[in-house]
Amino acid sequence: MSKTLVAYFSASGSTAAAARAAAEAVGAELFEIRPATPYTRADLNWNDSSSRSSVEMNDPASRPAIAGALPDMAQYDTVLLGFPIWWYVEPRIIDAFIDACGLAGKRVAPFATSGGSGISNAERRLRELYPEVSWLPGKLLRRGDAAGWAKSVVK
């Protein structure tokens, strides 16, 4: 029997709510990707080019440190990977998670939350950076979409 993990990073709580709903809908385990140094409100100010998030997003090689132990990926077949859209793509901490966990051969479905951007640029970037992952179509989740989407992915 396959086992599913919902791994997510949430800066404001929107992605966390979607991740919880998705995990509950499919009986998946939940893992929060937390930065070793939590983001402050000033860090998240995308209008400030010197804010921490702006500096990270302007450096494609940036890999923010993750707090705590990472999940043992050997026990999972499918990962629902959630994040907010930052600068039209995934936050660099998502890249740090993938680098650290090694998702080669896993079925991974990205999902995102956003105030106005789509997920297509993030999907394209993730496929280019991590071709060894078996990427499933992603979804930009709006309020209430998470459970139905998760059920459609984890059949």
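Any read-out appearing in this document is the output of simple, stated calculations on the displayed coordinates, not a laboratory observation. This is a predicted model, so every value here is computed, not measured. Heads up, the Cβs are rebuilt from the backbone with ideal geometry, glycines too, and the neighbour counts pull from every protein chain shown.
Where does each of LYS139, LYS155, LYS3, LYS106 land when they are ranked from fewest to most other beta-carbon atoms within 10 angstrom?
Values: LYS139 23, LYS155 7, LYS3 12, LYS106 20.
Ranked by crowding around the Cβ, least crowded first: LYS155, LYS3, LYS106, LYS139.
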| said: If I build a Gaussian network model for the chain, linking alpha-carbon pairs within less than 10 angstrom, which residue out of ALA96, ALA17, ALA36 has the largest mean-square fluctuation? | reply: ALA36
| said: Can you sort LEU30, LEU141 from fewest to most other Cβ atoms within 10 Å of each residue's own Cβ? | reply: LEU30, LEU141
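For the chain, what does the helix formula give at 222 nm: sum of -39500 (n - 2.57) over DSSP H segments with n ≥ 4, over the residue count, nearest 500 deg cm²/dmol?
Working: 5 runs with 47 residues, N = 155.
After summing the helix terms and dividing by the residues of the chain, the value is -8500 deg cm²/dmol.
Most exposed first by the Cβ proxy, i.e. fewest other Cβ within 10 Å, how do GLU29, GLU56 rank?
Numbers: GLU29 13, GLU56 23.
Lowest count first: GLU29, GLU56.
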| said: Assuming 0.36 nm per residue, please report the length gained on full extension of the stretch ASP99 to ALA69 beyond their Cα-Cα distance. | reply: 9.4 nm
| Expressed in nm to one decimal, what extension gain is obtained for the pair ARG41 and GLU132 from 0.36 nm per residue of sequence separation less their Cα-Cα distance? | 29.3 nm
| remark: Comparing ASN121, ASN58, ASN47 in a Gaussian network model of the chain (Cα, 10 Å), the one with the largest mean-square fluctuation is ASN47
| field | Sequence-distant residues sharing a close amide H with VAL108 (under 5 Å, placed H) | value | VAL79, SER134, TRP135, LEU136
| request: Take the alpha-carbon centre of the range 19-68, take the same for the range 88-155, and report the distance between them in whole Å. | output: 14
